[in-house]
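Participant: Here it is, the structure, as structure tokens.
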Amino acid sequence: MQPRATRHLFVTGGVASSLGKGLTASSLGQLLTSRGLRVTMQKLDPYLNVDPGTMNPFQHGEVFVTEDGAETDLDVGHYERFLDRDLPGRANVTTGQVYSTVIAKERRGEYLGDTVQVIPHITNEIKERIRALAEPDASGVSPDVVITEVGGTVGDIESLPFLEAVRQVRHDVGRDNCFFLHVSLVPYLAPSGELKTKPTQHSVAALRNIGIQPDALVLRADRQIPEGLKRKISLMCDVDTDGVVAAPDAPSIYDIPRVLHREGLDAYVVRRLGLPFRDVDWAVWGDLLDRVHHPDETVRIALVGKYIDLPDAYLSVTEALRSGGFAHRARVDITWVPSDECETPAGASAALEGVDGVLIPGGFGVRGIEGKVGAVRHARTRGIPLLGLCLGLQCMVIETARHLAGLEGANSSEFDPRAPHPVISTMAEQVDVVAGERDMGGTMRLGSWPAVLGEGTVVARAYGAREVTERHRHRYEVNNAYRQRLEEAGLVVGGTSSRCR
């Protein structure tokens, strides 16, 4: 039997950033998966960084770490959550990666004296990375659909090589095996009381100017879009009426698949690409939506962080909190607390009043650390459930050392290299990086690591297992030289890794 050709679906965006291309792509991926199709996803990012690992969270938001140890865009996290599967590091492609590879090839003489140019060398490298996602997996099965989100906005100079590359992919794999979905804004102008189509028309014109005719449009708006307006956009942008989809703001991100399905987007994609048609199985997603909208209780969790002005900096953490709530039919209300507010006992008491639990996430640098330690002490002394992730766990160890183990001046060597008691220290394999002798980017402990959990510990009960894996992203760890004193003071070491030194 002849294997089906993998179809490629490209998602672009126009008019403005932050319209929800990633969530649109993820939702469509979920719908196609629910139709029994094998789907994988990828994000093309136009920035020059090799990966987002060294970017300020205020500029880029969260860095999402894959199982295989890649630092990727936060949209890859959306893809994993909506598809319910792990994605490889190659699911995120950046301009920095592409140019680094092309220049390295040029230095090795692989281009046989060619003048290296954006076309064809850069675009060919991009196409190779797109096609790599269509290759068979470890079990020899190829995906039915590869959904590729092109970052940025049509018209950005940085995005042009990626858009040219995806235009060429349609030529390479055949038009019947390719689908272009464009996400655009339909703004509402209050003074005139109108939804305006002109921004979308200009956005599609810009896309067509570089050789891409969208097969479907997802129209983002803060309200319902009348059928007459959709027909106008269909005519002016030369897109089938069935391919013009309204996506007004939804009550939650988990409602978006239902919105797109109601508009018929997934059925239209399946028809256009000639994919096997099967109805969407709503059993799992429908149960999730019931839990999202009909919880039995509400739990209030304080998230004490230093980047809370940009909630996307903690996206996976907040979605994990909410997902944990869904599992127990509980709504999780997150209270955002700047860590600086918890530096004093009075400040911590005021900021954390009335919460059911406290979560302290990861981060870098000394700013806000004493506030995190203050939040730990407040939670510990009042018996409030507390979870520390990465730097949050380190702050819990520092607080234990200072106030239970009697180690005055205990700190992390990251914040105070001369601390009398460095209970958190640089990992052995990271000493040369911290000293500036090796590259900073991509050199932390990254990706999935095994953990052996202590019998009868809270974490073992939570996992329901003694051996698990967890994703890491750090350069510092608990100093084993202080382990005995910390345990004598009451700290329980709930898990260790045989791979750690």
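The values are calculated or read from the model by the stated rules, or taken from the named source; none is laboratory data. Because the structure is predicted, anything quoted here is derived from the model rather than measured. Here the Cβ is made from the backbone with ideal geometry for all residues, glycine too, and neighbour counts use every protein chain on show. These area figures cover heavy atoms from the full protein model, side chains too; ligands, DNA and RNA do not enter into them. Shrake-Rupley method; radii C 1.70, N 1.55, O 1.52, S 1.80 Å.
Participant: Filter the stretch 189-210 down to the residues that are free of Cβ contacts under 8 Å to residues at least 40 places away in the same chain and among the hydroxyl-bearing types (S, T, Y) and list them by number.
Facilitator: The answer is S192, T197.
Participant: Could you grab the pairs with beta carbons closer than 9 Å, sequence gap of 6+ or different chains, first residue in the stretch 35-62 and under 20 Å from G13 (Cβ atoms) and part of a loop (DSSP other than H, G, I, E, B), second one of a type in the set (V, I, T) and open to solvent by 50 Å² or more (accessible area, probe 1.4 Å)?
Facilitator: So the pair list comes out as P46/I157.
Participant: Now for a separate question. From the list V280, V304, V317, which one is part of a loop (DSSP other than H, G, I, E, B) and buried (at least 18 other Cβ atoms within 10 Å of the Cβ)?
Facilitator: Step by step, each of V280, V304, V317 is checked, and only V280 is part of a loop (DSSP other than H, G, I, E, B) and buried (at least 18 other Cβ atoms within 10 Å of the Cβ).
Participant: Using beta carbons and a limit of 7 Å, which pairs, at least six apart or on different chains, have the first residue in the stretch 109-126 and within 24 Å of S159 (Cβ to Cβ) and the second one at pLDDT below 95 and assigned to a loop (DSSP other than H, G, I, E, B)?
Facilitator: H121/Y111
Participant: What tally of residues in the stretch 320-333 results from selecting those that are open to solvent by 30 Å² or more (accessible area, probe 1.4 Å) and out of contact with any Gly (no Cβ under 8 Å at 6 or more places or on another chain)?
Facilitator: Final tally of qualifying residues: 9.
Participant: Would you tally the residues in the stretch 154-205 being of a type in the set (S, T, Y), part of a helix (DSSP H, G or I) and over 28 Å from V98 (Cβ atoms)?
Facilitator: The total comes to 1.
Participant: Among the residues of the stretch 352-362, count how many are in a loop (DSSP other than H, G, I, E, B) and either open to solvent by less than 10 Å² (accessible area, probe 1.4 Å) or among the polar types (S, T, N, Q) (or both).
Facilitator: The total comes to 2.
Participant: Okay, next question. Please go through the stretch 231-256 and pick out each residue that is under 15 Å from V183 (Cβ atoms) and either of a type in the set (F, W, Y) or assigned to a helix (DSSP H, G or I) (or both).
Facilitator: Within the stretch 231-256, I233, C237, G243, I253, I256 qualify.
Participant: How about the stretch 4-38: which of its residues are within 22 Å of N177 (Cα to Cα), among the small types (G, A, S) and surrounded by 20 or more Cβ atoms within 10 Å (Cβ to Cβ)?
Facilitator: Within the stretch 4-38, G13, G22, A25, S26, S27, G29, S34 qualify.
Participant: Keeping to the stretch 257-267, report how many residues are surrounded by fewer than 17 Cβ atoms within 10 Å (Cβ to Cβ) and not in a helix (DSSP H, G or I).
Facilitator: Number satisfying all stated conditions: 1.
Participant: Within the stretch 135-158, which residues are open to solvent by less than 20 Å² (accessible area, probe 1.4 Å) and of a type in the set (A, V, I, L, M)?
Facilitator: Correct list: V145, V146, I147, V150.
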